[in-house]
Amino acid sequence: MIKELIARNRSYRRFDEAVKISSEQILKWIDLARLSGSGRNAQPLQFAVVTNSELCAKIFPYLGWAGYLSNWKGPAEGERPVAYIAVIKNREIADNHYCDDGIAMQSILLGAVEAGFGGCMIGSVNKAKVAKLLGLEERHELLWIIALGKPTEIVVIDEAENGNIKYWRDEKSVHHVPKRPINEIVILTDKNA
């Protein structure tokens, strides 16, 4: 079950804008992040939920979508996210968030996938502009944006060949994500020791 959820949890970048996600549903996914591990149990992360279509439209231009797809400017109208989660560190709680952000985002997106939705962790963000739109305070550091929606694209996992890990789209717009084979990522087992 967990392997299937992880395999289905891809970076989806095109969505059906007609299918909305409620704030209540998103809060359930954030609760998964709340229950997840946190370095020193400091729990410095906070989240801003955006489901308002006007605010979503204002955030959209400040996001970068797919570095390897240099000719693609992001999802077209009708394919854009219907919600965002801003992942924020509260500096008053802790200076260091360790790897809490990755754990939290993975938990949120696994919950989304389980519920039939999907998303994309976006680090290419004009953080100053988005922080202003969200009304964040000085104590808040915007770390990431998670784009959410009902995926309309097919994303498949391929085995990486010759070290090529760049994702790409084929002529049918299927998004291919090459993953290194297990024998390239495991460098030692007790069998070798």
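The values are calculated or read from the model by the stated rules, or taken from the named source; none is laboratory data. Source: prediction; values computed, not measured. Methodologically, a virtual Cβ is constructed for each residue, glycine included, from the backbone with ideal geometry; neighbour enumeration extends over all protein chains shown.
Descriptive notes on the structure:
- Test: residue in the range 142-156 that is modelled with pLDDT of 95 or more, loosely packed, with under 15 Cβ neighbours inside 10 Å and in a strand (DSSP E or B): yes
- Test: residue in the range 15-27 that is polar (S, T, N, Q), modelled with pLDDT of 95 or more, part of a loop (DSSP other than H, G, I, E, B) and exposed (fewer than 14 other Cβ atoms within 10 Å of the Cβ): yes
- Meets criteria (touching a residue at least 60 places away in the same chain (Cβ under 8 Å) and closer than 16 Å to V130 by Cβ) for L69: no
- Residue within the range 58-74 that is in contact with a strand residue (DSSP E or B) (Cβ under 6 Å, 6 or more places away or on another chain) and part of a loop (DSSP other than H, G, I, E, B) present: no
- The range 44-57, subset of a type outside the set (A, V, I, L, M) and outside any loop (DSSP other than H, G, I, E, B), residue surrounded by the fewest Cβ atoms within 10 Å (Cβ to Cβ): E54
- Flag for W144 being within 20 Å of I21 (Cα to Cα) and either touching a residue at least 60 places away in the same chain (Cβ under 8 Å) or of a type outside the set (D, E, K, R) (or both): yes
- Residue within the range 159-166 that is under 24 Å from G78 (Cα atoms), touching a residue at least 12 places away in the same chain (Cβ under 8 Å) and surrounded by 15 or more Cβ atoms within 10 Å (Cβ to Cβ) present: no
- Members of the range 28-43 that are surrounded by fewer than 13 Cβ atoms within 10 Å (Cβ to Cβ) and of a type in the set (D, E, K, R): R40
- Complete set of residues in the range 78-105 that are touching a residue at least 24 places away in the same chain (Cβ under 8 Å), at negative phi and in a loop (DSSP other than H, G, I, E, B): E79, R80, P81, V82, R91, E92, I93, A94, N96, H97, C99
- A residue that is part of a loop (DSSP other than H, G, I, E, B) and either touching a helix residue (DSSP H, G or I) at 6+ places or on another chain (Cβ under 9 Å) or surrounded by 12 or more Cβ atoms within 10 Å (Cβ to Cβ) (or both) occurs nowhere in the range 183-190.
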